[in-house]
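In what follows, a single structure is set out as structure tokens and then discussed.
The values are calculated or read from the model by the stated rules, or taken from the named source; none is laboratory data. Quick caveat: nothing in here was measured; it's all calculated off a predicted structure. Please note: Cβ atoms are built from the backbone with ideal geometry, for glycine as well, and neighbour counts cover all protein chains shown. For the accessible areas, the whole protein counts, side chains as well, though only heavy atoms, and no ligand, DNA or RNA atoms are used. Shrake-Rupley method; radii C 1.70, N 1.55, O 1.52, S 1.80 Å.
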Amino acid sequence: MNRIDRVFAELKQRKQPAFIPFLTIGDPDLKTSVDIIKQLEQSGASMVELGVPYSDPLADGPVIQRSSMRALKNHQVSVQDVMNTARQARSEGCELPFILFTYYNPVLQFGLERIFPMLQESEISGLIIPDLPMEEDAEVRKLADEHGIHLIPLVAPTSNDRIKRIVSRASGFVYCVSSLGVTGTRTEFHSGIDSFLETVRQSTALPIAIGFGVSTHEQFARFAETCDGIVVGSALVRQVEEALPLFEQDATRPQALSRIDQFVRNLIG
């Protein structure tokens, strides 16, 4: 069984939502990314999105954009580096499902026939490509299915009559976008978010997760009542950004990881 399916099945029995953090790999460096992944697992993460740094991140807000720029400037982190990071975290005992989050161009440059066997070897369970529309995903979907990797779609409140078509092709879970625009912390969500989530729920038997803007315990608890998973990106990446000086010295790295641990525990309660 795919690790994502197993985790959602276990959480359903416990009546708990999945906490799905997003992390830009390579910010501030690859070794630190492994340490943060391991810390997230200890702190209560259910699975983790491994973000591939990209120079033109259309769906990302300023916090994640800055993290991508740091990773690219410092180390030119690539898709291969992210897969290697997944392997390293697994070799150090991490059991979390990994989801590769990347734009389509890095995948195309790597080569479709080449990347999927390597994703499988790296024990990556899911793939999110936010700029790949369903009308053009046939080849990617075919290869993902052949290698046991879930191609996870994003569906937005503005998808309207496309919702049923998008989720009918979904695998793993459906990623519901909470707000219009790019990622980033928010105090308010789309006005029709609850009816949107209900429409998605009625259109699929798969778990549904919500992301784009969740940053507080109150928001997490609110969506935990209606969603099977909650994705937290910018708020976590900001914690990494604020802890950068602490990550620079071996003596203060435990303090940086402790700050991330406290943030997660406060978030998910």
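Quick notes on this one:
- Helices (runs of 4 or more DSSP H) within the range 208-269 that include 3 or more residues open to solvent by less than 40 Å² (accessible area, probe 1.4 Å) and under 18 Å from Phe189 (Cα atoms): 217-224
- Complete set of residues in the range 119-140 that are in a helix (DSSP H, G or I) and open to solvent by 40 Å² or more (accessible area, probe 1.4 Å): Gln120, Glu121, Glu135, Glu136, Ala138, Glu139
- Residue pairs whose Cβ atoms lie under 9 Å apart, separated by 6 or more positions or on different chains, with the first residue in the range 244-256 and at negative phi and the second open to solvent by less than 100 Å² (accessible area, probe 1.4 Å) and among the basic types (Lys, Arg), are Leu244/Arg70; Leu246/Arg253; Leu246/Arg259; Phe247/Arg253.
- Restricting Ser168, Ser178 to those that are open to solvent by 20 Å² or more (accessible area, probe 1.4 Å) and either under 19 Å from Ala209 (Cβ atoms) or in contact with a strand residue (DSSP E or B) (Cβ under 8 Å, 6 or more places away or on another chain) (or both) reduces the list to Ser168.
- Condition broken by Gln76, with the remaining ones in (1) at pLDDT below 95; (2) open to solvent by less than 50 Å² (accessible area, probe 1.4 Å); (3) at positive phi satisfied: (2)
- Odd one out for Lys12 among (1) under 15 Å from the mean Cα position of the chain (by Cα); (2) within 24 Å of Cys227 (Cβ to Cβ): (1)
- Answer residue from the range 1-38, given it is acidic (Asp, Glu) and under 24 Å from Phe212 (Cβ atoms) and is least open to solvent (accessible area, probe 1.4 Å) among those: Asp27
- In summary, Met83 fulfils each of the numbered conditions (1) under 26 Å from Glu242 (Cβ atoms); (2) open to solvent by less than 10 Å² (accessible area, probe 1.4 Å) with the single exception of condition (1).
- Meets criteria (buried (at least 24 other Cβ atoms within 10 Å of the Cβ) and either in contact (Cβ under 8 Å) with a residue 40 or more places away in the chain or more than 15 Å from Ala86 (Cα to Cα) (or both)) for Met47: yes
- Filter result for the condition that a residue is within 26 Å of Ser55 (Cβ to Cβ) and in contact with a Gly (Cβ under 6 Å, 6 or more places away or on another chain), over Gly126, Gly111: Gly126
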